[in-house]
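Read-outs: derived from the displayed coordinates by stated rules, not from any lab. Everything quoted here is computed from the prediction, not taken from an experiment. Note: ideal-geometry Cβ built from the backbone for every residue, glycine included; neighbour counts use all protein chains shown.
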Amino acid sequence: MRKTIIRISGFLLILVFALGYYKSIFSFKSADGIGQMEQFYNQPENSIDVLVLGSSHAFVNFNNGTLYDEYGIASYNLGATTQPIWNTYYYLKEALKTQTPELIVLEGYMLGYDKKYLDDPLNFKNFCGMKWSENKIEAIKTGTPPQRVQDFIMEYPVYHTRYSSLQKGDFLDDFGSESRDYNWFNEDWKGQYLFNTAAPQVYHDLSVIDYKKELFPKTEKYYRKILELAQEKDIPVLIVITPFDLLDDLEKYQARYNRAEEIAEEYDVTFLNFQTRLEELGLDLNSDYRDACHLTVWGSVKYSRYIGNYIKEHYKISDRRGDSKYISWANNAAYTNRYYIDSLLKYQTSLADISNRIEDPNYWVIISTAGKCDTSDTQIRSFLEQQGITETDSQGIWLKQDGKLTWTSCDGDSKIYVSNDYRDFRLMYDKESDKTGTDANTDSVTNNCVIDNTIYNDKVKNGLNVTIYDSQINIVIDDFGVNKDDNYSIVR
């Protein structure tokens, strides 16, 4: 009997370890929804003063760094892409277990949503990061078709579909390169996504749509539950609609927002619909939008300044600047400010301006010649000399770190491997490739830089290739070529 118990116990122990290892490999690794909730659990109890809830419109458009740096607001963005209002309700219930915010901000884009369930990949993000509790089970039951509830509770039936999409990072303890980005794995992260690629948008004046359309019944039910839960906890709510330009949704959603605003009035809650008041925000439609729904880092700063001012004028919110307990918010603000400055670099089109901007000692600059590059050209020579590259070094690859030239292939070594706590760098120089001007997009080119298995320094086949890495926030901030075949123009 004793041996049987030992065998069974041993088997169960092995099974637990096997399932744990299986989950570590096959589970979804994403900051979106999953990481935001996991990181939320790491926040000190009752440290979040403004809780921002909603879909990606919330966690992309609200800049935690700006809110803290300029207003002292300790905010956290808790949401998931296309998060239905019912999932937002369960996220709020989960949040209130450990936090008592001074204000809840609900980004209300999904108040216009009219489907009963999300598709699996998006849906799973709304549950995966939550700790096991009655609240999580209720969230799954509410947000999942009945025939899928058991699969979502067990999780493994959902994971196993990832066989074909597994990557190297799934087998690593830190999940690979994503962990080296700021999101998710950085203890100072407050849930925001930052973007620096702009796509021009067109504004449609929706103030002419003054009729109301009923909300989808399930959406209205949980919208009211959010407002009632906040009311029960005596926490004020601010509802905002960030301007977006999804043409198929505009009129229908606007009519529903009109109804949602009417419901908010029943609870004495402020509803700011910027679909009808875009001009107040001062957003530039050419540079402040990443796509039809989401702001760039520049747009998020402008938007958050407006929201920060409004919050300070209409609500009693603590100013946490200078409080040692809020050092992680200060660190997060420093990161977002740095990202903002770095992002300006990739829009510079003058080699001279770029050269002046990258004098920052925190930048690592990797420069390589490609094909028929005339390093005696005035512009090229001036740029190289400013980086500490002498006239005798006419062809090669160079690494500048902390404001100093630390390695060059001209000294005889054709390659170098460099690592820091976040990235792995491999620089290689092939003289034959350089002379022939082989197409930089083919596998035969080795005159480049590889950072975490991603190839850089390959924008042009004749000229200079330059990659700039910020060692302070650990991201590649620019990768461009200086094209000899087009009068040394900048190519990105």
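I'd like the residue in region 336-367 that is in contact with a helix residue (DSSP H, G or I) (Cβ under 7 Å, 6 or more places away or on another chain) and not aliphatic (A, V, I, L, M) and, out of all such residues, is surrounded by the most Cβ atoms within 10 Å (Cβ to Cβ).
336
Residue 327 fails exactly one of the following numbered conditions: (1) in contact (Cβ under 8 Å) with a residue 12 or more places away in the chain; (2) in a helix (DSSP H, G or I). What is the number of that condition?
In the conditions (1) in contact (Cβ under 8 Å) with a residue 12 or more places away in the chain; (2) in a helix (DSSP H, G or I), residue 327 misses (1) alone.
Answer with yes or no whether residue 253 is part of a helix (DSSP H, G or I) and in contact with a Gly (Cβ under 9 Å, 6 or more places away or on another chain).
It is true that residue 253 is part of a helix (DSSP H, G or I) and in contact with a Gly (Cβ under 9 Å, 6 or more places away or on another chain).
Okay, residues lined up against (1) surrounded by 14 or more Cβ atoms within 10 Å (Cβ to Cβ); (2) in a helix (DSSP H, G or I); (3) basic (Lys, Arg):
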{"residue": "226", "(1), (2), (3)": "yes, yes, no"}
{"residue": "230", "(1), (2), (3)": "yes, yes, no"}
{"residue": "234", "(1), (2), (3)": "no, no, no"}
{"residue": "240", "(1), (2), (3)": "yes, no, no"}
{"residue": "246", "(1), (2), (3)": "no, no, no"}
{"residue": "260", "(1), (2), (3)": "yes, yes, no"}
{"residue": "265", "(1), (2), (3)": "no, yes, no"}
{"residue": "268", "(1), (2), (3)": "no, no, no"}
{"residue": "272", "(1), (2), (3)": "yes, no, no"}
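When the residues of region 285-324 are filtered to those that are part of a helix (DSSP H, G or I) and touching a Gly at 6+ places or on another chain (Cβ under 8 Å), which remaining residue is surrounded by the fewest Cβ atoms within 10 Å (Cβ to Cβ)?
Here the residue is 306.
Could you go through region 146-155 and let me know if any residue there is closer than 30 Å to residue 251 by Cα and not charged (D, E, K, R).
Looking through region 146-155, none of the residues is closer than 30 Å to residue 251 by Cα and not charged (D, E, K, R).
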